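The values are calculated or read from the model by the stated rules, or taken from the named source; none is laboratory data. Predicted, not measured: the structure shown is a model, and the values here were computed from it. Using ideal geometry, Cβ is built from the backbone for each residue, glycine included, and neighbour counts are taken over all protein chains shown.
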């Protein structure tokens, strides 16, 4: 549809006649033909219609009606004059037909789409008028419609306010529009191509089912998801697209691109393509205050001194503010050992940083760096950290900052350096193999034969870093200065004494227990034992927990510390012997083992001369223990305890105790009551008799004890014989 601005030829006057000053060549008739209405009626219908006319107030609508009528002179919609009143056909515009109302669907459409609906209605009215006037001459309404489209070349010009809209017409399209208009009114003529949304009738269930398929882990295409949804919609009576092209256009316009990337590509794809990242402040760190550490695989085949063909790893530390390379190492594989060596190089040159920004990989969360501390949950206080941690970060007073997972922008500056290293250095080697399948050369397998020597690659890397440090940088905050110049503006340098720095900047192993052969340390997947013949280590009880520190470049010895960081000794690696060949060292070692056992036995036998009988030693130990545990004697009263006589039932004048009193020789009469009084000795007669009775009983028992068993047996036999 094309639009062209039509010139204003006249002004509309008052009333429903011809405006003053205008001289159009109106065709004069005696009576108004069928389908024609006066200008006054046309003005009323246009003002009451909801179809688009291009104007708003009454005066503007009058001008628009006059221009439309003047433009229709010589066409099938040519106005006519009946007396002094101008009549226009109702097919001049859709707003002039009765009834002319629209529904909610057309009311939501924009102005250009409402204009298309008005143009279609106007084309239908013009074709209807043409068919009525020329149907009998052309042989029917169908042939008249065909002639109507042929005369206009398949195009219908429609005045939309001050602009001319042109739409394509054909007998088939006019027939379709007429059927739609008769069944659904003006709403049915809305062009739905590219405008089909859920509000237009799609079922919520169908949309949810389609979104679930598209955002699922199987990564279905739009066509597959549309086909499955269409099948499910037919089964559940859902409203869904019948054409794939319409569904594809709707999905492209309404889908959530970020959600699609996250659900189909995963966290890494979302972080790289759609995820937000935190932009750091350039002034937040001073030069030398914060370092960034990471590893990168070299995209070059290298021949090692041992003849192996490998792709080495570069471990590097970069200063965040100045972009200076603090330390860099070329190693076989990126581990905490290679990162520590690069970190030590940077500490020797630029001092220690206060913060480090590292990723969440195992190389940085290893015990050597963190001492077993949690990565994202700091300790309650610094004292707890000192007591529980022994990593490089805590010993050197460095605060680690962990990068956001799956967010390469957290270390963007170091990643950019690695990319610069690849573009400017690695690609210059003939054995460059590419870092991804897209960058991989065609003859990838044959590149191993062109492997560069290890020393040559290491020398080229050192020279490249030196040139990089002295090259002006155009990055943000650099102002054209070199990394070395920006690093020189550091206001402070954190240093430590040489002896302390050597001890702190070493790898700390997990606490181990002292064993029979010293301590066992696991380094790079291999168990190495130290301190086999170290006296200070062998003096410790077996099972004692100790801390181990070692230098990755010198594994011949380790330092042994207590759990409170007290130095114990420096233990050398244990010697290993070939048992198949008898050597002097092996014999000497076996003699030392035997000599140690003899010394231990002699230490045990040295005190045997002081040993006594086991029973005697046991009783002496019990007596010593009882004497040690016995409490001191309590104080006694002066003159000893006070004697209190105890009155027994035998002294009572009761009939129940008379047999006992007779047995001890006591009287039973009333006169005997006075005998119970004590005499000068302090004892009563009753107590004296009781004492005599007890003495006689003891004598009898002693006499019976002297008799032998055979005498008593004989007495028993003689008694039974009687």
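Here is how the numbers come out for the structure above:
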{"read-out": "Hits in segment 329-383 (condition: surrounded by fewer than 16 Cβ atoms within 10 Å (Cβ to Cβ), modelled with pLDDT of 80 or more and part of a helix (DSSP H, G or I))", "value": "348, 349"}
{"read-out": "Matching residues, segment 509-522, being surrounded by 11 or more Cβ atoms within 10 Å (Cβ to Cβ) and either touching a helix residue (DSSP H, G or I) at 6+ places or on another chain (Cβ under 8 Å) or closer than 19 Å to residue 589 by Cα (or both)", "value": "509, 510, 514, 515, 517, 518, 519"}
{"read-out": "Residue in segment 30-43 that is crowded, with 21+ Cβ neighbours inside 10 Å and at pLDDT below 80 present", "value": "no"}
{"read-out": "Selected residue (criterion: nearest to residue 259 (Cα to Cα)) from residues of segment 212-222 that are assigned to a helix (DSSP H, G or I) and free of Cβ contacts under 8 Å to residues at least 24 places away in the same chain", "value": "212"}
{"read-out": "Matching residues, segment 546-564, being touching a residue at least 24 places away in the same chain (Cβ under 8 Å) and in a strand (DSSP E or B)", "value": "546, 547, 548, 549, 550, 551, 555, 557, 558, 559, 560"}
{"read-out": "Members of segment 136-191 that are assigned to a helix (DSSP H, G or I), within 60 Å of the chain's Cα centre (by Cα), more than 27 Å from residue 69 (Cβ to Cβ) and in contact (Cβ under 8 Å) with a residue 12 or more places away in the chain", "value": "187"}
{"read-out": "Top-ranked residue of segment 474-501 - restricted to ones that are without any contact (Cβ under 8 Å) to a residue 24 or more places away in the chain and under 26 Å from residue 371 (Cβ atoms), ranked as surrounded by the most Cβ atoms within 10 Å (Cβ to Cβ)", "value": "500"}
{"read-out": "Residue 361 being within 12 Å of residue 393 (Cβ to Cβ) and under 23 Å from the mean Cα position of the chain (by Cα)", "value": "no"}
{"read-out": "Residue that is surrounded by the most Cβ atoms within 10 Å (Cβ to Cβ) [pool: residues in segment 428-454 that are in contact (Cβ under 8 Å) with a residue 40 or more places away in the chain and not in a loop (DSSP other than H, G, I, E, B)]", "value": "432"}
{"read-out": "Subset of segment 197-211 that is surrounded by fewer than 18 Cβ atoms within 10 Å (Cβ to Cβ) and in a loop (DSSP other than H, G, I, E, B) - its residue that is modelled with the highest pLDDT", "value": "203"}
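Yes or no, residue by residue, for (1) at pLDDT below 75; (2) more than 14 Å from residue 185 (Cα to Cα); (3) surrounded by fewer than 19 Cβ atoms within 10 Å (Cβ to Cβ):
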residue	(1), (2), (3)
88	no, yes, no
122	no, no, no
129	no, yes, no
136	no, yes, yes
139	no, yes, yes
143	no, yes, yes
146	no, yes, yes
